[in-house]
Each structure stands twice: as C-alpha cells, then as structure tokens.
Amino acid sequence: EVIALLKDRVGFSLWMITRTHEEDWIVLNIEDDHYDVPPGAVFKWADSFCSRMVKGEGPCIAPVASEIDAYLAAPIGTQVSIGAYIGVPITLDAGELFGTLCAIDPSTKAAAIKEELPLIRVLAKLLSTLASQEMRALEQSRAMDVVRSDAEQDPLTGLLNRKGWNLRV
C-alpha cells in the first residue's frame, strides 16, 4: 500500500521496496507500469543509484538524474532510461541498512517534486519499523526452534529424550 500510495500521489513509473543482501539488491514489492521489472528480481547493489544515495554521493530526489555525477556513473543508468530518481534508505533498529524505498521514471520531473521528501521519509521510517519487527520476530522464532530441539534431545547422545519420544508418538 505504501508504494501504491506514493505512485498515486507522486507519480513515477516504477516504485520499489528493496532489500540489500551482500552484493545483491532484491526487489521485494513493486508498482511498475513501464520497466517490466518482476517482484523478486535481483540486481547488483553497487550498480544502483540507491547505493550511491546511501553513501551520500547523490541526493534522495533527483528530478533530473543526468545532472548528478554519481548517478551518471551508475551502471544501471546505461541499462534502463532514468530521467528522474527518488530513493530513501530503509534501516533496521541498529541503523543497519535493510534496503531502500525508491522510484524511477524515464522522464525528468519538475524541481517541485522535492517537496514530497518529508512524506517519503516518514513512509520509509514506517517500513523501517516494520522490517525491524519482522527481523526480531524471525530471530525469536529461530531461537525458539533451538530451545524446543534442545528440550527434546539428550545432551550427551543427541538422541530424542522421553519428552521428544512422547511428542513424536
């Protein structure tokens, strides 16, 4: 709903919520009516405008992407036509980068588009909070799996103990 809202309010042909993992930039959710990027698509993080924005080499909103040297140097700009760009980081509790909320359009935009940055940042903060909660829940679930497994096994042999056998029967 966040990217659908932004697409309706701000425009842009493509909006994405992405995840970074090592060298990969993974598309989690997408609203796209121009570029034909499927959900789950994986790109090289270092090639993206977002990687440069996160490093502080370019602005969060570039109404004319070709005016920003860092974006001109990004390999993704030679793969697809990007006239305008929006991107903000999505971070986890400790400040670790989760991914980005971003948009591109083949056409340049008016400078007034920069006025939307406060809204986009608030929505990225919302996504950051949700991502942090999801990651905590996943960690807790994994920890509970370990506790359950330990409670059902003999620590010396690694075989099922009485509780483990009772649960299996």
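The values are calculated or read from the model by the stated rules, or taken from the named source; none is laboratory data. Please read these numbers as outputs of a predicted model, since none were measured by experiment. Cβ sites come from the backbone with ideal geometry, for glycine too, and all protein chains shown count toward neighbours. Accessible surface is based on the protein model in full, side chains and every heavy atom, while ligands, DNA and RNA are left aside. Shrake-Rupley method; radii C 1.70, N 1.55, O 1.52, S 1.80 Å.
What do you reckon, is K125 open to solvent by 20 Å² or more (accessible area, probe 1.4 Å), more than 20 Å from V2 (Cβ to Cβ) and either free of Cβ contacts under 8 Å to residues at least 40 places away in the same chain or not charged (D, E, K, R) (or both)?
So K125 fails the test.
Is there a residue in the range 13-21 that is touching a His at 6+ places or on another chain (Cβ under 9 Å) and either open to solvent by 40 Å² or more (accessible area, probe 1.4 Å) or not in a strand (DSSP E or B) (or both)?
Initially, the range 13-21 is screened for residues touching a His at 6+ places or on another chain (Cβ under 9 Å), giving 13-14.
Pick out the ones that are also either open to solvent by 40 Å² or more (accessible area, probe 1.4 Å) or not in a strand (DSSP E or B) (or both) and you get 13.
Yes - at least one qualifying residue is present in the range 13-21.
Being closer than 20 Å to S48 by Cα and among the charged types (D, E, K, R) narrows it down to one of K163, K109, K125, so name that one.
On the way: K163 fails: closer than 20 Å to S48 by Cα; K125 fails: closer than 20 Å to S48 by Cα.
One residue alone meets the criteria, K109.
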- Task: Within the range 22-36, work out how many residues are free of Cβ contacts under 8 Å to residues at least 60 places away in the same chain, part of a loop (DSSP other than H, G, I, E, B) and over 15 Å from the mean Cα position of the chain (by Cα).
- Result: 2
- Query: Counting only residues that are out of contact with any strand residue (DSSP E or B) (no Cβ under 9 Å at 6 or more places or on another chain) and assigned to a loop (DSSP other than H, G, I, E, B), which one in the range 49-80 is most open to solvent (accessible area, probe 1.4 Å)?
  - Reply: K55
- Query: What is the one condition in (1) out of contact with any helix residue (DSSP H, G or I) (no Cβ under 9 Å at 6 or more places or on another chain); (2) open to solvent by 30 Å² or more (accessible area, probe 1.4 Å); (3) modelled with pLDDT under 95 that P118 does not satisfy?
  - Reply: (3)
- Consider S141 against the criteria (1) open to solvent by less than 70 Å² (accessible area, probe 1.4 Å); (2) assigned to a helix (DSSP H, G or I); (3) at pLDDT 95 or above; (4) of a type outside the set (V, I, T): it satisfies all of them except one. Which criterion is unmet? (3)
- Selected residue [under 24 Å from the mean Cα position of the chain (by Cα) and not in a helix (DSSP H, G or I)] from G99, G158: G99
